[in-house]
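Take a look at the structure below.
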Amino acid sequence: MQGHIRNHVDRLPRFDDQIQAVTVTLMRDARGDRVEVIARCHRSTLVANARSHDMYLSIDEAFGKMQRQIIRLHDKIVSKHKAQQAARMNRERGR
């Protein structure tokens, strides 16, 4: 199971290379297996949770959610940066 989690963690930098830390918490209770993935990235804390009857399925779901959050954050930062660059160039042209 550790190898399965490590495989998912090792793939996260593919979506954004600014990931600083990843914490994975596995819990088992009467309602099933629960996984919580917390990632520090770009001064933000991203959290993804998943619960199912199978721990491996919960791990896959939680990391799928985390990947989507990282991509969304990365796209938001990149588009903001591009908008700032365009505004800066427009100001310079106006001088």
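Read the figures in this text as sums done on the coordinates, not as results from a lab. Since the structure is predicted, the reported quantities are computational estimates derived from the model, not experimental observations. Positions of Cβ are backbone-derived with ideal geometry, glycine not excepted, and every protein chain shown enters the neighbour counts.
What to note about this one:
- Segment 14-84: trypsin sites (Lys or Arg not before Pro) in DSSP coil with no more than 10 other Cβ atoms inside 10 Å: ARG31, ARG43
- Cβ charges +1 (Lys, Arg) and -1 (Asp, Glu), total dipole of the chain, debye: 760 debye
- Residues ARG14 and TYR56, FRET efficiency given R0 of 25 Å [Cβ-Cβ distance, rounded to 0.05]: 0.75
- For segment 37-95, relative contact order (Cα pairs under 8 Å, six or more residues apart, normalised by length) works out to 24 percent.
- Helix 2-11 vs. the chain, principal-axis angle (Cα, 0 to 90°, nearest 10): 10 degrees
- Rg over Rh, two decimals, the chain (C-alpha only, Kirkwood Rh): 1.20
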